[in-house]
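Here's the structure, in structure tokens; my notes come after.
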Amino acid sequence: VRRLAPNPLLLTILALMKRQGITLPERRVELCDQYVRTLLSTWNRARGLSGRAPARELDVVGTMRMLASLALWMHAVSPGVGLVKREALRRRLVHLHKVRGDPDPESAARRFLEDVREYAGLLLERGAGQYGFLHLTIEEYLAGVGIALQGQQEIEPIVSALGRRIGEPAWHEVILLTIGYLGIIQQRDQAAGAVVEALADSEAG
């Protein structure tokens, strides 16, 4: 909480969560998950800046998956910085929508960026044509989700993705959040433990 609270928007959401009687989790992976889901599902309504309901609601599950893929890419191309050029971001979104099978990836990418920026505030324009997530911790968490989602049926893709990043300071938090997401959010305790063991074995070897 202390790491995230200095950001005014995140502090506001934290206050809203408390006001709604939501018990703040002690584990940071749970707090990050709660933050992102609050931003996606309730922030656009709670802020009430325009005095009217948004034109369309965000698909929380689909948007979460898209943001996870986007955050993983951003953290790979700009580790520890969290900023990418607008055109690079647009191209990546078009690619992700193509992979997902959208009939018009260009329009889908533009609408996605507008929705997330206008309704959720998760992606922000910072400076001249540069975009980043609301907070580096949010990017790190979503990057961890992106890695975890690669191992829905088996852990090898997760071990491979994390194994390449062992020892890199910019990926330390992502590795911890990936394992935390597996074990705590997805409640896949055995998978999380197996990933840790596999990473430890690769380091020992």
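No lab work stands behind these numbers, since they all come straight from the coordinates. Remember, it's a predicted structure, so these values are computed and weren't measured experimentally. Note: ideal-geometry Cβ built from the backbone for every residue, glycine included; neighbour counts use all protein chains shown.
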Note to self: At 7 Å along Cα-to-Cβ for each site, give me the label-to-label distance between Arg91 and Glu197 in nm.
What the structure shows: 4.3
Item checked: HN-Hα J in Hz across the stretch 170-180 - Karplus 6.51, -1.76, 1.60, θ = phi - 60°, x for Gly and Pro -> 5, 10, 4, 5, 4, 4, 4, 5, 4, 5, x
Notebook entry, point to check: Along the stretch 94-102, what does the Karplus equation 6.51 cos²θ - 1.76 cosθ + 1.60 (θ = phi - 60°) give for ³J(HN,Hα), rounded to whole Hz, x for Gly and Pro?
Noted result: 4, 4, 5, 6, 5, 4, 6, x, 5
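May I ask you to order 150-163, 61-74 by the average number of other C-beta atoms within 10 Å around their residues, highest value first?
Result, highest mean first: 61-74, 150-163.
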Next item on the list: Go through the stretch 134-145 residue by residue and turn each phi into a ³J(HN,Hα) via Karplus (6.51, -1.76, 1.60, θ = phi - 60°); whole Hz please, and just put x for glycine and proline.
Entry: 3, 8, 4, 4, 5, 4, 4, 5, 5, 4, x, 4
